[in-house]
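K.L.:
One structure, pasted below without further comment.
The values are calculated or read from the model by the stated rules, or taken from the named source; none is laboratory data. This structure is a prediction, so every number in the text was calculated from the model and none was measured. Neighbour counts run over all protein chains shown; Cβ positions are idealised from the backbone, glycine included. Note: areas computed on protein heavy atoms with side chains; ligands, DNA, RNA excluded. Shrake-Rupley method; radii C 1.70, N 1.55, O 1.52, S 1.80 Å.
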Amino acid sequence: MGPGKIKVRRLPLLPLRGLLVYPSMVLHLDVGREKSVKALERAMVDDSMILLCSQSEINIEEPTTEDIYRIGTIAKVRQMLKLPNGTIRVLVEGVLRAEIVDYLSNDEYYEVTAKELPEQDTTDPEIDALMRTVLNQFEHYINLSKKVTPETLAAVSDIDEPGRLADVICSHLSLKIKDKQEILETVDVRERLEKMLNILNNEREVLELERKISQRVKKQMEKTQKEYYLREQMKAIQKELGDKEGRAGEADELRSQLAEAELPEKVKEKVEKEIDRLEKMPATSAEGGIIRNYIDWLLGLPWNKETADDLDLDKAEEILNEDHFGLEKPKERVLEYLAVQKLVQKLKGPILCLVGPPGVGKTSIARSIARSLNRQFVRISLGGVRDEAEIRGHRRTYVGAMPGRIIQGMKNAGASNPVFLLDEIDKMAMDFRGDPAAALLEVLDPEQNSTFSDHFIEVPYDLSKVMFVTTANAVHNIPRPLLDRMEVLYIPGYTEIEKLQIAKKYLLPKQKRDHGLQDDQLVVDEGALMKIVREYTREAGVRNLEQQVAGINRKAAKKIVSDPSEPVHVTEDNLKDFLGPVKFKYNVAEDKDQVGAVTGLAWTEVGGDTLVIEVTVMPGTGKLTLTGKLGDVMKESAQAAFSYTRSRADVIGIPADFHEKNDIHIHIPEGAIPKDGPSAGITMATALISALTDIPVSRHVAMTGEITLRGRVLPIGGLKEKSLAAHRAGIKTVLLPQDNEKDLVDVPESVREAMTFIPVSHMDQVLEHALVRNRPGAPVGTA
Ligand code: ADP
């Protein structure tokens, strides 16, 4: 502070409301309060000087000394003008800061003694730098704030007194009085500039935030406006196209559909609710699409649409015969089944399960059942189904959710009481996504299936009027609880005679119809058909046979088209022109009796088959090697055959230490199908003994049977299929376990007559019939 005496003066005081005057500011004030007017009058009488101090609270009409800041500005009143409303407009010019020392007692107006606070003249480089920064910040501020004009900046830049600079800038900011007062009270110039800098920084940040917020709001506004506009446009377009108002028109249409559909009350309510929801959706919303899809499903399902049953057993029998050759037993069982249904008047019995190799007519029987009952027919395949959701559907919340296969099947059926074929029920798998078998159990359970729940459909669906029929290749893979609900009906494979008849009477006429050929346009000789059966197919059923016959029809159709006058005649000789070279050699039996090679009979899910087991014996150290596609059971069976051979070495006539001096290799040539099971036991033992004794095995013999360590022959399964396979392969003698003799009745008569079946109970008998003792005194003993 500069030298000189501190000056204290007596002055009238004018309290300011919501306003603050800095020194060097010139501005108009409107004065209305009586005390203030008096103070002004007093000033005018003296030297026109007055002290202007701000009130801390704007709305106090009669401030006490407490309500008035102690530091203010001494100002000179330049002009005074009485306004018509009685207030006085004055032009004041701030002169310098002053601090109230004391209030003097005066009832008419405030009068104080005030100590002058003159401005210091400080000039040093730091102040200069501060000034520049403050100016800089102020410029930023102006750029952001629209409230201060750029001209102000020009005016402010000219100020060279540092204290004044702070004051003027502060007067341009829209700050609270409290903050402005702080600047006024900061007499030290450096400090004042620093405070100013702070305030400017703060203000700038606030402004920046404001700007960001407003931009965001603006963007959002623009977006909603745009969407609104587009939506309105779309509505206009839809109107032009006569599409009523988007979803509204859709909803009306669905409601009229609902009125026509005969739905259970619960379903109806659900659909109504969903239509209401749909109506409120914007025409383009994805959710609207989902709801629409759901409504379509509910409206499309046959809830109460039943077809009238026709339970005429004679007619049913007629239809079954019309569609199928042979199959006497299954047909009879189906008719019995239908008869029971007719008696009890409802279909609550066990579920039919048709078990057999592919292509034996399982599907086709189910179809005939539907036809004879006059019901709709639907078929779903369960092969590879591993997810519960495939049976029961996905919840609607999933993207692309759909009902499960059961409900889809019902929709396809279009009636609530179809014959519903569940194909390949033994091919279902199970994994972490839940057990489809459990879901299926609910489907098949008459106690539960009247309220079947599909995750997608949500409302229970009544499956109790559906007649379920299932198929499987083998029973052992059907989940036990499912199997317990079913009545199993076996359909084994066909003999070649049967196949010939099927081809002649059913497949060929059917294919001709399908290919649009007149009966006399294509003639296929019986010899040719038999050749197809024997040399172009190798199967238990007739599926490939049908494909081959279809192949002939295609070729024939082509010929007929190019030359309609010439009927096509297929003979045994020209067959290869239609089907290409033969695919299988008929009579697989070897041309010569072999040592160490024996024909065994296997039974798999796709029917019976023959397989040749080979054994070689080489000098070695007693290793037993097994190769080919063998399962565990088969390996054990090989071990048993081996042990038996060792224990009987003396009787068979081989050295007791053969297993130490030789390596033995048992091989089962790989077929298309994996084989497992104990029924190759006697076959392996025979091959082994033949190899060790060097005695050949008759090529006309095939065998099947399990072997014990003591050489007993135990019964096996699938005798019928195995016999058919042996017959197909041109075998003349079949060795079978004694205990299976009773099953021979199942073997078709034609097959029984064509081959010799020899029941055996011990390995010795097997050797007796299989080995060709063409050398006198061959060393084979009997027990
Ligand atoms: P699966 O369901 O057992 O695999 P399919 O029912 O599909 O077998 O039968 C395959 C084809 O063979 C069908 O065209 C069927 O009509 C025909 N077929 C099967 N068995 C017979 C039969 N006994 N009589 C007439 N056609 C048959």
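K.L.:
Dividing the alpha-carbon radius of gyration of the stretch 597-770 by 2.2 N^0.38 Å (N being the number of residues), what value is obtained?
P.N.:
Computed over Cα atoms of the stretch 597-770, the ratio equals 0.98.
K.L.:
Over the stretch 496-579, what per residue volume does the convex hull of the Cα atoms give, in whole Å³? Walk me through the numbers before you get to the answer.
P.N.:
Values: hull volume 6.4 nm³, N = 84.
With only Cα atoms used, the stretch 496-579 gives 76 Å³ per residue.
K.L.:
What three numbers, in Å, describe the spread of the alpha carbons of the stretch 79-124 along their principal axes, ordered from the longest?
P.N.:
For the stretch 79-124, the Cα extents along the three principal axes come out at 51, 29, 10 Å.
K.L.:
While we're looking at this one, here's another question. Give the Debye-formula value of log10 I(q)/I(0) at each listed q (0.09, 0.12, 0.17, 0.20 Å⁻¹), with one equal scatterer per alpha carbon of the stretch 313-490, two decimals each.
P.N.:
Result of the Debye calculation: -0.30, -0.54, -1.07, -1.44.
K.L.:
Over 20 Å between C-alpha atoms is what I'm after, so list which of K427/K465; K147/K223; K38/K178; K146/K218; K7/K35 land there.
P.N.:
The pairs that break the limit, which is 20 Å between Cα atoms, are K427/K465; K147/K223; K38/K178; K7/K35.
K.L.:
I would also like to ask the following. Under a point-charge model restricted to the Cβ atoms of Lys and Arg (+1) and Asp and Glu (-1), what is the dipole moment magnitude of the chain relative to its Cα centre, in debye to the nearest 20?
P.N.:
Using Cβ point charges on Lys, Arg, Asp and Glu, the chain gives about 1040 debye.
K.L.:
Another question about this same structure. Using bins 5 angstrom wide from zero, how does P(r) for the stretch 8-116 break down, in % of all Cα pairs?
P.N.:
P(r) over the stretch 8-116, rounded to whole percents: 2, 14, 26, 28, 21, 8, 1, 0.
K.L.:
Given +1 on the Cβ of Lys and Arg, -1 on the Cβ of Asp and Glu, and no further charges, what dipole in debye does the stretch 125-206 carry about its Cα centre, rounded to the nearest 20? Don't skip to the answer; put the middle values down first.
P.N.:
Details: 11 positive and 16 negative charges, 80 e Å.
Computed about the Cα centre, the dipole is about 380 debye.
K.L.:
Moving to a separate point now. Stretched out fully, how many nm does the piece from D102 to R752 gain, at 0.36 nm a residue minus the Cα gap?
P.N.:
Once the chain is fully extended between D102 and R752, it gains 220.0 nm.
K.L.:
Given a Förster distance of 30 angstrom, what is the FRET efficiency for K226 paired with V399, based on the Cβ-Cβ distance and rounded to 0.05?
P.N.:
With a Förster radius of 30 Å, E is 0.65.
K.L.:
Two decimals, Cα atoms only, Kirkwood Rh: what is Rg/Rh over the chain?
P.N.:
On the way: Rg = 53.5 Å, Rh = 37.4 Å.
That ratio equals 1.43.
K.L.:
I've got another one for you. Can you find, among Y110, A540, L311, the residue farthest towards the positive end of the dipole of the chain? Put +1 on the C-beta of Lys and Arg, -1 on that of Asp and Glu.
P.N.:
A540
K.L.:
Another question about this same structure. Taking only Cα atoms of the stretch 400-522, what ratio of Rg to Rh do you get with Rh as the Kirkwood inverse-distance radius?
P.N.:
With Rg and the Kirkwood Rh in hand, the quotient comes to 1.10.
K.L.:
Something else: Rounded to a whole number, what is D in µm²/s for the stretch 152-196 from Stokes-Einstein with the Kirkwood radius over alpha-carbon pairs (25 °C, 0.890 mPa s)?
P.N.:
Roughly 231 µm²/s, to the nearest whole number.
K.L.:
Another one. Accessible area per residue, 1.4 Å probe, Å², for the chain: what's the number?
P.N.:
Here the per-residue accessible area is 51 Å².
K.L.:
Over every pair of different alpha-carbon atoms in the stretch 125-206, take the mean of 1/r and invert it; report that Kirkwood radius in Å.
P.N.:
Final number for the Kirkwood radius of the stretch 125-206 is 12.5 Å.
K.L.:
Also, I was wondering about something else. How far, in nm, would the chain grow between T733 and T284 when pulled straight, counting 0.36 nm per residue and subtracting the alpha carbon separation?
P.N.:
154.1 nm
K.L.:
Still on this structure: Assign one of three labels to the stretch 285-346, namely rounded, prolate or oblate, based on the Cα gyration tensor with a ≥ b ≥ c the square roots of its eigenvalues; rounded applies when a/c is under 1.5, prolate when it is not and a/b is larger than b/c, and oblate otherwise.
P.N.:
Here the stretch 285-346 falls in the prolate category.
K.L.:
With a cap of 15 neighbouring Cβ atoms within 10 Å, and only residues DSSP puts in a loop, list the trypsin sites (Lys or Arg not before Pro) found in the stretch 48-104.
P.N.:
R70
K.L.:
Return the percentage of antiparallel bridges among DSSP beta bridges fully within the chain, rounded to the nearest 5 %.
P.N.:
Bridges in the chain that DSSP calls antiparallel: roughly 60 percent.
K.L.:
Still on this model: May I ask which of K531/K583; K305/K331; K505/K531; K499/K592; K499/K720 have a Cα-Cα span longer than 18 Å here?
P.N.:
Working: K531/K583 11 Å; K305/K331 29 Å; K505/K531 16 Å; K499/K592 29 Å; K499/K720 15 Å.
Table pairs above 18 Å Cα-Cα are K305/K331; K499/K592.
K.L.:
Once every DSSP H run of n ≥ 4 in the chain is given -39500 (n - 2.57) and the sum is divided by its residues, what mean residue ellipticity at 222 nm do you get, rounded to the nearest 500 deg cm²/dmol? Before the final figure, lay out the partial values.
P.N.:
Numbers: 28 runs with 331 residues, N = 783.
Result for the chain, helices only: -13000 deg cm²/dmol.
K.L.:
What is the extension gain from T149 to K505, computed as 0.36 nm multiplied by their sequence separation minus the C-alpha to C-alpha distance, in nm to one decimal?
P.N.:
Length gained, T149 through K505: 117.6 nm.
K.L.:
Could you tell me what percent of the accessible area of the chain is made up of carbon and sulfur, with a 1.4 Å probe and every protein chain present? Let's see the in-between values first.
P.N.:
Working: 19810 of 39770 Å².
Roughly 50 percent of what the probe reaches on the chain is carbon or sulfur.
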